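Student: Okay, here's the structure, questions in a sec.
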Amino acid sequence: MTVIDHSIILVVMTPFVGAYLIPLLGLWRERLCYPVAVAAALLSLFFSFRLAGSVLTSGTIRYHVGGWEPPWGIELVVDPLSAFMCLIISLVSLLAVIYSKNYIERELPGGKITSYYTLILLLIGGMLGAVVTGDLFNLFVLTEIFSIAAYALVPIAEKRGSLIASYRYLILASIGTSLILLGTGYLYIITGTLNMADLADILPAFYDSWVVFGALAFLLVGFGIKTALFPLHTWLPDAYSIAPAPVVALSTLVTKVGAYSIIRVLFTIFGIEFVTGPIPVASALTWVAAAAMLMGSLCAIFQTDIKRMLAYSSVAHIGYVVLGIGLAVEMGMTGGILHIFNHALAKGCLFLCAGAVIYQTGIRSIDDFRGLGSKMPLTATAFTLSAVSMVGIPPTAGFVSKFYLYLGAMEAGEWIFVIVILLSSIMAAVYSLRVINLIYFGGDKHEGKVQMDELPLSMLIPIMTLALGSTLFGIFVNIPLSLVEPAVKLLSGM
């Protein structure tokens, strides 16, 4: 076998190996940490593209770690959904790492750069491992790995209130991982296996067991906390508003991995017949998602801090993803999964833009964004493109996923959710266009204080790449759909 044949394990191990090397290099030459982190993220993106190509041409890939056959051995599985998630995580992670160089050198106290890049690679490796594992217990383990890295990254800049935000995140997320472990244990007790494919085969014989219902409840609540699904989202606004901008861009991926885990539990392990059966689990999720969309958008409207506004907006957009999952119809699921990608691009860009403004001017108040359009034109343009995508204005990527969600709600006969999507989008327009209006038409509060776009290229390139992606993938939507549509068919048993 060639190195390429081991892409499925290498996509995970590359950032972990980088995380092992960086502390050693940091003791010798701290400036080497950044290029090693970039190289590790770039290699992970290369292997992700390789996996996506193989899945599209040859179908699902299975890899037995150490040559041990499941269920005794650990199995890694890459199907269209896993390949799609690997690409999202690797792409946004690479851009966030590139962005980090100048931003982190200014933001972090002395001596923490080595720790920062080590934790970033642990976070990336844990997320990639979580989306390729075919074993429920290893999903828990890898979730815990990237969660611990995230807890440590939130307060790393030692800002005021960062320890409280991190502690709240730690407590709530630890409750989530405890529930995930309990649910995993319940399933093992009743089936004797932790392999997802085996669980899917064995569980139908126990569908009437309260142990199975309890396991599903524990897993959904546990991963719901990781996803920051309303009303389990309370850790997110403080964590997102305190953490450094590239960390927040990566943290938006953490919630996407949580949503991915919910999809795996519902459709790969339990099956669509069970979650849409006598106990309508999927239907209940749609109402929770609707509440998230409305409450998250409403809270965002009343924020005065740019990062808190974007954080509450993320709560709303997590609702879009979960709504698509809960509708459990082809169009709805396509919209929900596609929105994982579109939201990762746009919201990652918005947080990096907010970080660029803080880097350049030190301001966080939305009212102080007046006149930045003339002082930071490239950053303002990127912010506008990404915000318009989140509102769902054509021809942006956000419009396409929302359009699929509209079609899914109509396909399921749930017209109430068409109204909810429309109301949430209107509220998104209110808080997004308020900022855009201040940027371009709010006067000039920064005369002589800010020079035109003096951001380093290492910060501008990731910002503009994500902004262009938020627009172009609305036009060339067949590119992400080439993986999303087969993933939906596989999940729904078509």
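Student: Which of the residues spanning the stretch 355-396 are of a type in the set (A, V, I, L, M, F, W, C) and either surrounded by fewer than 24 Cβ atoms within 10 Å (Cβ to Cβ) or farther than 18 Å from A245 by Cα (or both)? If you could, list the steps in order and put the result at the bottom.
Tutor: Pass one, the stretch 355-396, residues of a type in the set (A, V, I, L, M, F, W, C): 356-358, 363, 366, 369, 372, 376, 378, 380, 382-383, 385, 387-388, 390-391, 393.
The answer is I358, I363, I366, L372, L378, A380, L385, V388, M390, V391, I393.
Student: Same structure again: Are any of the residues in the stretch 269-292 acidic (D, E), at negative phi, at pLDDT 85 or above and loosely packed, with under 15 Cβ neighbours inside 10 Å?
Tutor: Within the stretch 269-292, none of the residues are acidic (D, E), at negative phi, at pLDDT 85 or above and loosely packed, with under 15 Cβ neighbours inside 10 Å.
Student: Give the number of residues within the stretch 289-304 that are within 14 Å of A428 (Cβ to Cβ) and of a type in the set (V, I, T).
Tutor: So the answer is 1.
Student: Determine whether Y116 is farther than 16 Å from L345 by Cβ and crowded, with 22+ Cβ neighbours inside 10 Å.
Tutor: On the way: farther than 16 Å from L345 by Cβ: yes; crowded, with 22+ Cβ neighbours inside 10 Å: yes.
For Y116, the condition - farther than 16 Å from L345 by Cβ and crowded, with 22+ Cβ neighbours inside 10 Å - is met.
Student: Moving on. Given the condition of a type outside the set (A, V, I, L, M), within 21 Å of L266 (Cα to Cα) and out of contact with any strand residue (DSSP E or B) (no Cβ under 7 Å at 6 or more places or on another chain), answer yes or no: does some residue in the stretch 67-80 qualify?
Tutor: yes
Student: Counting residues that are under 22 Å from F403 (Cβ atoms) and in contact with a Leu (Cβ under 6 Å, 6 or more places away or on another chain), which helices (runs of 4 or more DSSP H) fully inside the stretch 272-371 reach at least 1? Write out each step before concluding.
Tutor: Numbers: elements: 272-275, 281-301, 306-327, 330-361.
Ranges flagged: 281-301, 306-327, 330-361.
Student: May I ask you to list the residues in the stretch 1-17 that are under 24 Å from I145 (Cα atoms) and loosely packed, with under 15 Cβ neighbours inside 10 Å? Write out each step before concluding.
Tutor: If we filter the stretch 1-17 for residues that are under 24 Å from I145 (Cα atoms), which is where we start, we get 6-17.
The one that is under 24 Å from I145 (Cα atoms) and loosely packed, with under 15 Cβ neighbours inside 10 Å: H6.
For (1) modelled with pLDDT under 85; (2) touching a Gly at 6+ places or on another chain (Cβ under 9 Å); (3) over 20 Å from V131 (Cα atoms), each residue gets a yes or a no:
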{"site": "M1", "(1), (2), (3)": "yes, no, yes"}
{"site": "I4", "(1), (2), (3)": "yes, no, no"}
{"site": "T14", "(1), (2), (3)": "no, yes, no"}
{"site": "R50", "(1), (2), (3)": "no, no, no"}
{"site": "V65", "(1), (2), (3)": "yes, yes, no"}
{"site": "P70", "(1), (2), (3)": "yes, yes, no"}
{"site": "F84", "(1), (2), (3)": "no, no, no"}
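Student: Just checking, which of Y240, Y207 is surrounded by fewer than 18 Cβ atoms within 10 Å (Cβ to Cβ), over 16 Å from E144 (Cα atoms) and either in contact with a strand residue (DSSP E or B) (Cβ under 7 Å, 6 or more places away or on another chain) or touching a residue at least 12 places away in the same chain (Cβ under 8 Å) (or both)?
Tutor: Values: Y240 fails: surrounded by fewer than 18 Cβ atoms within 10 Å (Cβ to Cβ).
Exactly one of Y240, Y207 is surrounded by fewer than 18 Cβ atoms within 10 Å (Cβ to Cβ), over 16 Å from E144 (Cα atoms) and either in contact with a strand residue (DSSP E or B) (Cβ under 7 Å, 6 or more places away or on another chain) or touching a residue at least 12 places away in the same chain (Cβ under 8 Å) (or both), namely Y207.
Student: Still on this structure, please answer the following. Kindly check whether there is at least one residue in the stretch 395-403 that is of a type in the set (G, A, S), part of a helix (DSSP H, G or I) and more than 27 Å from the chain's Cα centre (by Cα).
Tutor: No, the stretch 395-403 contains no residue that is of a type in the set (G, A, S), part of a helix (DSSP H, G or I) and more than 27 Å from the chain's Cα centre (by Cα).
Here's the yes/no breakdown for (1) surrounded by fewer than 20 Cβ atoms within 10 Å (Cβ to Cβ); (2) over 26 Å from P486 (Cβ atoms):
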position: A19; (1), (2): no, yes
position: R31; (1), (2): yes, yes
position: P35; (1), (2): yes, yes
position: F49; (1), (2): yes, no
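Student: Is there a residue being modelled with pLDDT of 85 or more and either of a type in the set (S, T, N, Q) or at positive phi (or both) anywhere in the stretch 142-149? Even if it seems obvious, please write down each step before you answer.
Tutor: If we filter the stretch 142-149 for residues that are modelled with pLDDT of 85 or more, which is where we start, we get 142-149.
Still in the list and also either of a type in the set (S, T, N, Q) or at positive phi (or both): 143, 147.
Yes: the stretch 142-149 contains one or more residues that are modelled with pLDDT of 85 or more and either of a type in the set (S, T, N, Q) or at positive phi (or both).
Student: Just to be sure, is T252 among the hydroxyl-bearing types (S, T, Y), surrounded by fewer than 21 Cβ atoms within 10 Å (Cβ to Cβ), at pLDDT 85 or above and not in a loop (DSSP other than H, G, I, E, B)?
Tutor: Values: among the hydroxyl-bearing types (S, T, Y): yes; surrounded by fewer than 21 Cβ atoms within 10 Å (Cβ to Cβ): no; at pLDDT 85 or above: yes; not in a loop (DSSP other than H, G, I, E, B): yes.
Judged against the criteria, T252 is not a match.
The values are calculated or read from the model by the stated rules, or taken from the named source; none is laboratory data. Everything numeric here is computed off the predicted structure, so don't read it as measured data. So basically every Cβ, Gly included, is an ideal-geometry build from the backbone, and we count neighbours across all protein chains shown.
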